[in-house]
1. Taking the mean number of other Cβ atoms within 10 Å as a proxy for protection, how do you rank 210-223, 33-46 from highest to lowest?
2. Name the helices (complete DSSP H segments) of the chain with a Cα length along the long axis of 15 Å or more and a Kyte-Doolittle mean of at least 1.0, or state none.
3. Taking a temperature of 4 °C and a viscosity of 1.567 mPa s, what whole-number D in µm²/s does Stokes-Einstein yield for the stretch 140-183 with Rh from Kirkwood over alpha carbon pairs?
4. Normalised radius of gyration for the stretch 82-236, please: alpha carbon Rg relative to 2.2 N^0.38 Å, two decimal places.
5. Between Q183 and residues 5 or more places away or on another chain, which pairs have amide H atoms under 5 Å apart, with H built 1.01 Å from N, and which residues are they?
6. Give me, ordered by chain and number, the residues 5 or more places off G8 or on other chains with an amide H under 5 Å from its own placed amide H.
7. Ranked highest first by average number of other Cβ atoms within 10 Å, how do 135-141, 169-175, 6-12, 74-80 line up?
8. Could you tell me what a quarter of the Cα convex hull surface of the chain works out to, in nm² with one decimal place?
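What follows draws every value from the coordinates through simple rules; no lab data is involved. Here the structure is a predicted model, which is why all the values come from computation and not from measurement. Glycine also receives a Cβ, built like all others from the backbone with ideal geometry; neighbour counts cover every protein chain displayed.
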Amino acid sequence: MSKKIFSGVQPSGNLHLGNYIGAIKNFVDLQNQEGNQCIYCVVDLHAITLRQDPKVLKNNIRETTATFLASGIDPKKSIIFNQSLVRAHAEGSWILGCIARTGWLNRMTQFKEKAGKDKEKASVGLYIYPILMTADILLYDATHVPVGEDQKQHLELSRDIAQKFNSDFNVANFLRVPEPLIQKNFSRIMSLKDGTKKMSKSDPSDLSRINLTDTNDQILNKIKKAKTDGNLMPSEKIELKKRPEVENLLSIYSSLKNQNIEKSIDEFSGKNFSDFKDNLAETVVDKISPISKEIINLLKNEDYIDKILEEGAEKADAQATNKINEIKKIIGF
Ligand code: AMP
Ligand code: TRP
């Protein structure tokens, strides 16, 4: 079945190997499957739910776009744009906010985590962020939304909002109820320093992650210093349960080699760790170095990136404006 895919990534800088394996690599695979129509959005309206420096934000929008392009998202095949260029997102978010119930938003665990102890000081935008995400998806009649596990609850909310709208206004199937696409394997890449913590751009230690803009030497050094244990490489998958760092490094290797973890275990079974790390470093460099070079190259030409975003926004706008006009008619505007 052909799919209409929509996904978004926040332009908050420092995209890393976890983002690549858990999200962007999958975006590219979906784009290259016959019949799929994909829309990939740099969600700058979402980014301002937390305070942003305007200059840094502008750079990050371009850097995230460059990362999409350098990773293989092709503007001839997919629509690439930034959210703030298409007004229907903000408008749709308001209307859908009048459909969603506060009780539904109050259950969102990501808000609780991001707002921390002092919820009263969090922006209202951060609280209603999942409604904006809902508008993003529903405006394009997306059938499938590739996201990480952490976004599953937001997807469920968007399904509830679509269903309530359809039933409140008696327009069965008007808003398409989207399906989440959550990667089964390698959906959580962990920190190189602690196999129980997610690899994250907010980790204070740069050694915990491989940034997509790292040089080859930085990558080699980080893999050399990645935490392991003193044992030899495992020969059975079951051993990984007690060795989270080893599991994580084998997952990174397997994902980049497009093979299952069992095959990687067989490849290195009983060998010294240093043998494996040499191979892993080579694999990561092979994959990431062309991407990082291309990101740096693309960023030299800001006009080109801006043009891709504008052209993408024009295509997105045609679809989203059409949908928001229908929505307005239905609600009586
Ligand atoms: P974020 O940078 O947290 O907004 O995430 C952007 C995308 O990358 C989302 O789809 C996340 O689920 C995914 N992602 C972020 N960190 C990781 C990680 N450590 N492992 C796998 N996927 C991740
Ligand atoms: N909230 C998502 C994240 O932080 C990003 C996002 C915004 C998104 N709008 C979306 C993802 C629509 C999928 C579909 O990762």
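1. Details: 210-223: 18.3, 33-46: 19.8.
Top to bottom by mean Cβ count within 10 Å: 33-46, 210-223.
2. Membrane-span-like by this criterion, though nothing is claimed about a membrane: 124-138.
3. Values: Rh = 10.8 Å.
Here the translational diffusion coefficient equals 120 µm²/s.
4. Normalised Cα radius of gyration, the stretch 82-236: 1.34.
5. V147
6. Result for G8 returns C41.
7. On the way: 135-141: 24.9, 169-175: 13.4, 6-12: 22.4, 74-80: 16.7.
Packing order, densest peptide first, comes out as 135-141, 6-12, 74-80, 169-175.
8. Over all viewing directions, the chain projects a mean Cα-hull area of 18.1 nm².
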